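Asks: Before we start, here is the structure in question, set down as structure tokens.
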Amino acid sequence: MAPETVATDALTPDMPSLPTPCLLLDETRMAANIARFNRRLARQGLLSRPHLKTCKSMAVAQRMLHSPTGPATVSTLAEAEYFAAHGVTDICYAVGLAPGKLDRVLALRRTGADLSVVLDAARTVTLLDMAAASLVGADDAPVPVLLEVDCDGHRGGLSPEDDELLATARAVQASPFFQLRGVLTHAGGAYARADTAHIARLAREEGEAVLRAARRLREADFDCPVISVGSTPTALLGEYPQGVTEVRAGVYPFMDLTMHALGVCALADLALSVLTTVIGHRRSDGALLVDAGWMALSLDRGLEERFPQWGFGLVCTADGTLLPGFRVSECHQEHGVIRALAPDGTPDPRACAQFSPGSRLRILPNHACATASRHDVCHVLRQGRITACWERMRGW
């Protein structure tokens, strides 16, 4: 797939003074991506419960959330604690709960947060009950539980037809510490597809899987008000069947090369990039050495089997102009290696020679979540100028 032209920003006078490597966020592109996502869900009458694992920033979250209090999704309890401290109270912790983390769940709920958790085995409920016996106080309400459903064999969860689904629901119902709230799934398998029609079908299959699970639970007299689905590809390329109540997705404000490869977005929609500085040329082959290695970019190679020429990220000039044929070909801890390919696919070391040490470049990430997780702050670009520096939280 030939790279497309990316709209550019005028080189802001303050960009040369930024320390590198650092994370840049184009606020205009982000706002357009969020608006597109919200319009898509509004047409289907669906509630957005955005996943905040990618942004890890209250400044970004407040632009994604339906209201200041949520609803929201997180992947770590550190995220839940951070966003709860900023007033987000309706939170789903969408990773299976280990007994050793129950104390933090209870502490968050005691602050007034309506924090729900995810389970996928009756045995886990038994272990959690054992932990809860010494932790739960008389004033603690039962913790809401969503049963995770496996819709595509991609990760964990229960098959809608598995007897363990009802066994787990019965274990939750019998527990004095937990209460069933609904079912949840994630079509992670959509990230392995580059056929937009197939991803659209996966959206329907994703919804049908949780609806089958919910129907079995309701037929067995269990309450199941929440039917939760979500991934950025299925949300933007497909439509969910009637009965789904909410959608969880997180990368859509930023997009990345994986989303572009899947047909979810254009290159011009990518809102995140990493600013880096050329620190030299490798004498053996003329490749550029930059100060953004895997500590700044991550080792995620995206859809490498289909787009190996993208390496660890595509490369732009400091003002955002895509450099055709340039990509990060190697990542060491603090060194990135950028090579250029001629139109015929052969190495073109002369193209790298135009950038002397001290030159600034921008790298478009394969996986926004992985790249952003490397940075404590993001520098916000608006109309070609750095206008803000937004904090990002980290940790588990």
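Asks: Restricting to the range 110-152, name every residue that is under 30 Å from GLU208 (Cβ atoms) and open to solvent by 10 Å² or more (accessible area, probe 1.4 Å). Break it down stepwise before answering.
Replies: Of the residues in the range 110-152, the ones under 30 Å from GLU208 (Cβ atoms) are 114-125, 128, 142-152.
Matches in the range 110-152: ASP114, ASP120, ALA121, ALA122, ARG123, THR124, PRO142, GLU148, ASP150, CYS151, ASP152.
Asks: Applying the selection to the range 49-77, what residues are in a loop (DSSP other than H, G, I, E, B), among the β-branched types (Val, Ile, Thr) and crowded, with 22+ Cβ neighbours inside 10 Å?
Replies: Scanning the range 49-77 gives a single hit, THR54.
Asks: Of the conditions (1) closer than 28 Å to GLN333 by Cβ; (2) surrounded by 19 or more Cβ atoms within 10 Å (Cβ to Cβ), ILE199 fails just one. Which one is it?
Replies: Failed condition: (1).
Asks: Does ALA80 qualify as being within 21 Å of PHE177 (Cα to Cα) and assigned to a helix (DSSP H, G or I)? It would help to see each step written out before you state the result.
Replies: Working: within 21 Å of PHE177 (Cα to Cα): yes; assigned to a helix (DSSP H, G or I): yes.
Taking the combined requirement at face value, the residue satisfies it.
Asks: If you don't mind, there's one more thing I want to ask. Go through (1) within 19 Å of HIS367 (Cα to Cα); (2) free of Cβ contacts under 8 Å to residues at least 12 places away in the same chain; (3) of a type in the set (Val, Ile, Thr) and name the single condition THR276 misses.
Replies: (2)
Asks: Same structure again: So, in the range 90-102, of the ones that are of a type outside the set (Gly, Ala, Ser) and part of a helix (DSSP H, G or I), which residue ends up least open to solvent (accessible area, probe 1.4 Å)?
Replies: Here the residue is LEU102.
Asks: Same structure, new question: Let me confirm something: among ALA296, ALA292, which residue is assigned to a loop (DSSP other than H, G, I, E, B), of a type in the set (A, V, I, L, M), open to solvent by less than 20 Å² (accessible area, probe 1.4 Å) and under 14 Å from LEU24 (Cα atoms)?
Replies: After ruling out the rest, the residue left standing is ALA292.
Asks: Taking the options LEU166, LEU184, name whichever one is surrounded by 16 or more Cβ atoms within 10 Å (Cβ to Cβ), under 11 Å from LEU119 (Cα atoms) and touching a residue at least 12 places away in the same chain (Cβ under 8 Å). First the steps, then the outcome.
Replies: Values: LEU166 fails: under 11 Å from LEU119 (Cα atoms).
The unique qualifying residue is LEU184.
Asks: Restricting to the range 78-93, give me the number of residues that are touching a residue at least 60 places away in the same chain (Cβ under 8 Å) and in contact with a Phe, Trp or Tyr (Cβ under 6 Å, 6 or more places away or on another chain).
Replies: Result for the range 78-93: 1.
Asks: Answer yes if at least one residue in the range 188-209 is under 24 Å from PHE83 (Cα atoms) and hydrophobic (A, V, I, L, M, F, W, C), and no otherwise. Can you show your working first?
Replies: Of all residues in the range 188-209, those under 24 Å from PHE83 (Cα atoms) come to none.
No: zero hits.
Asks: If the requirement is being outside any helix (DSSP H, G or I), closer than 30 Å to ARG63 by Cα and either at pLDDT 95 or above or aliphatic (A, V, I, L, M) (or both), which of these qualifies: VAL105, VAL118? Let's see the steps before the verdict.
Replies: On the way: VAL105 fails: outside any helix (DSSP H, G or I).
Residue meeting the stated conditions: VAL118.
Asks: While we're on this one: Quick one: count up the residues across the range 362-396 that are of a type in the set (S, T, N, Q) and either part of a helix (DSSP H, G or I) or touching a Phe, Trp or Tyr at 6+ places or on another chain (Cβ under 9 Å) (or both).
Replies: Number of matching residues: 2.
Asks: Got a sec? Which of LEU128, LEU165 is in contact with a Phe, Trp or Tyr (Cβ under 9 Å, 6 or more places away or on another chain) and in a helix (DSSP H, G or I)?
Replies: Residue meeting the stated conditions: LEU128.
Asks: What's the number of the only condition in (1) open to solvent by 70 Å² or more (accessible area, probe 1.4 Å); (2) over 30 Å from CYS265 (Cβ atoms); (3) in contact (Cβ under 8 Å) with a residue 12 or more places away in the chain; (4) assigned to a helix (DSSP H, G or I) that GLN179 fails to meet?
Replies: Here GLN179 clears every test but (4).
Asks: A further question on this structure: Out of curiosity, is GLN333 without any contact (Cβ under 8 Å) to a residue 12 or more places away in the chain and either surrounded by fewer than 20 Cβ atoms within 10 Å (Cβ to Cβ) or within 19 Å of LEU272 (Cα to Cα) (or both)?
Replies: In short, no.
The values are calculated or read from the model by the stated rules, or taken from the named source; none is laboratory data. In this text, all values refer to a predicted model and were calculated from it rather than measured experimentally. All Cβ positions, even for glycine, are placed from backbone atoms using ideal geometry, and neighbour counts span all protein chains on display. Accessible surface areas use protein heavy atoms only, side chains included; no ligands, DNA or RNA. Shrake-Rupley method; radii C 1.70, N 1.55, O 1.52, S 1.80 Å.
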